Amino acid sequence: MKTLLADDHPLMREGIRQVLAQLEPALEIIDAHDYPSLFSRTLEHPDLDLALVDLNMPGFVGMQGITLFRNQFPDIPLVVLSASESPHDIRSALEAGALGYIPKAATTAVMLTALRQVLAGDIYVPPCLDDSQIGLYSIVPDDFKALQNRGLTTRQFEVARLLVQGFANKNIGSMLAMSEGTVKVHIAAIFRALNVSNRTEAVLEIQRLMQKQ
């Protein structure tokens with residue numbers, strides 16, 4: 001397994017290295033210290049299994065670097081590591097295509113759990129994110145039964161809970177590490193399962209089903 005670790009603080013990289021050593025015995029870690037080196041190292045290692053990237057590094061301002069990375073390397077799962085626990089930053093990173101957001105204040109156990117979750121194909125959202133603050137992922141996995149009864153698969157449920165939040169197909173594809181074409185196939189299946197003909201009707205039907213739980 002090969003992971004790219006990008007952070008502009010050497011001591012932080014060393015600390016994260018020790019955590020990552022517990023993730024996979026044969027883990028190979030590629031270092032980067034700013035956004036330019038992040039992109040150059042990724043080009044040198046296109047077979048990366050994961051990119052763990054500090055949000056604020058020299059080279060780009062705000063979410064520009066994260067957005068550009070996801071656009072240029074859409075097949076590499078990206079997890080943001082940041083000192084910020086701002087709901088705005090978390091949502092912006094996820095909307096930019098990050099598959100997880102880990103606050104630097106997180107414990108080793110939390111970080112390992114988050115990375116394993118992302119590597120398993122899920123999205124990691126930190127506990128500090130309050131749905132009332134951000135309105136993201138208000139449909140939680142416990143609500144799956146109502147949609148499962150309509151014949152939706154687990155993957156289609158994941159698409160449905162992002163669909164109801166208003167994300168475009170491109171964003172859903174980035175967040176779930178699938179192509180836009182695959183997203184369209186899942187959405188078409190959701191429409192058939194819910195007996196609706198468009199996104200608006202689908203969202204209304206999903207919300208209705210959730211309220212019945």
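Which pairs turn up if I take residues in the range 162-183 that are surrounded by fewer than 17 Cβ atoms within 10 Å (Cβ to Cβ) and look for partners that are basic (Lys, Arg) with beta carbon separation below 6 Å, at least 6 apart in sequence or on another chain?
Glu180/Lys170
So Gln18 ticks every box in (1) of a type outside the set (A, V, I, L, M, F, W, C); (2) farther than 22 Å from Ser174 by Cβ; (3) touching a Leu at 6+ places or on another chain (Cβ under 9 Å) but one. Which box is left unticked?
Going through (1) of a type outside the set (A, V, I, L, M, F, W, C); (2) farther than 22 Å from Ser174 by Cβ; (3) touching a Leu at 6+ places or on another chain (Cβ under 9 Å) one by one, Gln18 breaks only (3).
What single numbered condition from (1) aliphatic (A, V, I, L, M); (2) buried (at least 19 other Cβ atoms within 10 Å of the Cβ); (3) out of contact with any Phe, Trp or Tyr (no Cβ under 7 Å at 6 or more places or on another chain) fails to hold for Ala202?
Just one mismatch for Ala202, condition (3).
Table: residues versus (1) over 20 Å from the mean Cα position of the chain (by Cα); (2) in the same structural domain as Val118 (by TED's automatic domain parsing); (3) in a helix (DSSP H, G or I); (4) of a type outside the set (Phe, Trp, Tyr).
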{"position": "Gly151", "(1), (2), (3), (4)": "yes, no, no, yes"}
{"position": "Gln156", "(1), (2), (3), (4)": "no, no, yes, yes"}
{"position": "Gln165", "(1), (2), (3), (4)": "no, no, no, yes"}
{"position": "Asn171", "(1), (2), (3), (4)": "no, no, yes, yes"}
{"position": "Gly181", "(1), (2), (3), (4)": "no, no, yes, yes"}
{"position": "Val185", "(1), (2), (3), (4)": "yes, no, yes, yes"}
{"position": "Arg192", "(1), (2), (3), (4)": "yes, no, yes, yes"}
{"position": "Ser197", "(1), (2), (3), (4)": "yes, no, no, yes"}
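Report every pair of residues separated by at least 6 positions or lying on different chains whose Cβ atoms are under 7 Å apart, first residue within the range 185-209 and without any contact (Cβ under 8 Å) to a residue 40 or more places away in the chain, second exposed (fewer than 13 other Cβ atoms within 10 Å of the Cβ).
Listed by first residue and then by second, the contacts come to Phe191/Ser197.
Tell me which residues, restricted to the range 93-109, are surrounded by fewer than 19 Cβ atoms within 10 Å (Cβ to Cβ), assigned to a helix (DSSP H, G or I) and touching a residue at least 12 places away in the same chain (Cβ under 8 Å).
Selection gives Glu95, Thr108.
The values are calculated or read from the model by the stated rules, or taken from the named source; none is laboratory data. Everything numeric here is computed off the predicted structure, so don't read it as measured data. Heads up, the Cβs are rebuilt from the backbone with ideal geometry, glycines too, and the neighbour counts pull from every protein chain shown.
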